Amino acid sequence: LEAFRRWAHSEDFPERGRIDYLDGEIEIAMSPEDLYTHGAVKTSIASELHRIVAEADRGTVFVDRTRVSSPEAGLSAEPDVVVALDESFDLGRLREIPSVGGQPGRFIELEGAPDLVVEIVSDSSTGKDTRRLPPLYARAGVPELWVVDARGTDLGFQLKTLENARYVSVKPDADG
């Protein structure tokens, strides 16, 4: 994991594709995102989350190329959307990793457990998003995981919360 993270911080790391380290294995996805079942969905979710978090002045919402690493989980991944609340930084559950140049206020990675991770399923990421990543995010201590699948006629939305080091699906209320 440490060697992977050094590579991910280097100029030799590819600028395109999603390259994740999942418990000892490197997974590379080079397929472009579908405009409507992935990109537009990610934009909508990130926009609404940003509005909520910014209005409450509670933290930051990140999209694309935001590397989240957890040595405890053997994980270094770039989720579709990440929510990092100020409280998590204050309590030491999450920390910013400075850029290689070490310039003040410049960071290239989050280490620890962000407050929410959103993964949007695509044709090339189904197994990773639904089976391989959830237990690693749980081991990292990420309190909430959303898995969204907009590829079919019905939207698939799984909201999972961390209980006893495992994710439990939250059932929709009467309003869905």
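FYI, it's all coordinate maths here, none of it is from the lab. This structure is a prediction, so every number in the text was calculated from the model and none was measured. A quick note on method: Cβ atoms are made from the backbone with ideal geometry, for glycine too, and the neighbour counts reach across all protein chains shown.
Modelled label positions at residue 157 and residue 123, each set 7 Å beyond Cα in the direction of Cβ, lie 2.6 nm from each other. Taking label points 7 Å from Cα along the Cα-to-Cβ direction, residue 130 and residue 60 give a separation of 3.3 nm. As a calculated quantity, the FRET efficiency between residue 11 and residue 87 at R0 = 30 Å, using C-beta atoms, amounts to about 0.30.
Listed by chain and number, the lysines whose C-alpha is less than 18 Å from the C-alpha of residue 128, apart from same-chain residues fewer than 8 away, are 42, 160. A crude spin-label estimate for the pair residue 169 and residue 29, with each label 7 Å from Cα along the Cβ direction, gives 2.0 nm.
Stretched out straight at 0.36 nm per residue, the stretch from residue 108 to residue 47 would grow longer than its current Cα-Cα span by 19.8 nm.
Indicate the gyration tensor shape class of the range 1-103 (rounded, prolate or oblate), computed on the Cα atoms with a ≥ b ≥ c the square roots of the eigenvalues: a/c under 1.5 is rounded; otherwise a/b larger than b/c is prolate and the rest oblate.
Oblate, because a/c is 1.5 or more while a/b does not exceed b/c.
Which ³J(HN,Hα) values, rounded to whole Hz and listed in residue order, are derived for the range 151-157 from phi using the Karplus coefficients 6.51, -1.76 and 1.60 in 6.51 cos²θ - 1.76 cosθ + 1.60 with θ = phi - 60°, glycine and proline given as x? So the Karplus estimates, Gly and Pro as x, are 7, x, 6, 9, 6, x, 9 Hz. The phi torsions of the range 60-74, fed into the Karplus equation with coefficients 6.51, -1.76 and 1.60 and a -60° offset, translate into couplings of 9, 10, 10, 9, 6, 6, 9, 7, 10, 10, 9, x, 4, 9, x Hz, rounded to whole numbers, with Gly and Pro shown as x. The amide H of residue 151, built 1.01 Å from its N in the peptide plane, has 156 as neighbours under 5 Å, considering only residues 5 or more places off or on other chains. Could you give the size of the charge dipole of the range 61-176 about its Cα centre, using +1 on the Cβ of each K and R and -1 on the Cβ of each D and E, expressed in debye and rounded to the nearest 20? The dipole of the range 61-176 has a size of about 440 debye.
Among 154, 80, 57, the largest mean-square fluctuation in a Gaussian network model of the chain, built with springs joining Cα atoms closer than 10 Å, belongs to 154.
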